[in-house]
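Worksheet for the structure shown next.
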Amino acid sequence: MMSYFAHQTAVIDEGCQIGKDTKIWHFCHLMPEAVLGERCILGQNVFIGKGVQVGNGVKIQNNVSLYTGLSCEDDVFIGPSAVFTNVINPRSAVERKEEFKDTLIKKGATIGANATVICGLTIGKYAMVGAGSVVTKSVPDYGLAYGNPARLRGWVSRNGHKLNFGEEDVTQCPETGQRYQRISSLEVICLED
């Protein structure tokens, strides 16, 4: 008996690993060697490429393709129609499968709807990429990045609230009270770790 749910229109190639309580909805396709953790949700028309690693509790909304070279840690949220690449200079007539660049989306990060993430980057833990952004540089832990090209515009808590440091180097999440410290203009840490 399957420990996960897959809609009858989903195509799951032999050799996939799918964790318990994962839900795979209409018209999804999982390639060989794809690994999905427990309690994941794949919305309609999601493609998971060969060897892609997806952690536990990941939510991937409709019309997203995760290509070979991409890894998601636990509790990542990927919004509808987000785009990920795996080659810097693709050409139809030039085979570049040996040039795939790895992309890592770390624990708890959010990728907004219609965002594009260029390959070879890291999206830091609990970072947030705004909808429609084009990410051409890595985003640090807790970073809030948006725009085209996306730029670091601020910081967010684990619960996704904007952190307001002002003149102080320590602030807290308005929802949870967790405290955060600004180490530099490119680094924030959670003091509750």
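Values for this structure:
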read-out: Residue (of I41, L121, N148) at the positive-pole extreme of the stretch 5-158, dipole from beta-carbon charges; value: N148
read-out: Point-to-point label distance, C190-R153, nm (Cα→Cβ direction, 7 Å offset); value: 2.3
read-out: Dimensionless Rg ratio for the chain, taking C-alpha atoms and the 2.2 N^0.38 Å reference; value: 1.07
read-out: Candidates per GluC sites (Glu not before Pro) in the stretch 96-193, loop by DSSP, up to 10 other Cβ within 10 Å; value: E167, E168
read-out: Loop-exposed trypsin sites (Lys or Arg not before Pro) per DSSP, neighbour cap 15 Cβ within 10 angstrom, longest uninterrupted part of the chain; value: 138-193
read-out: Candidate lysines for bridging to K106, where Cα separation is under 17 Å - those fewer than 8 sequence places away on the same chain excluded; value: K59, K125, K137
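Readers should treat all values here as calculations from the given coordinates under stated rules, not as data from a laboratory. Being a predicted model, the structure only gives us computed values, none of them experimental. Note: ideal-geometry Cβ built from the backbone for every residue, glycine included; neighbour counts use all protein chains shown.
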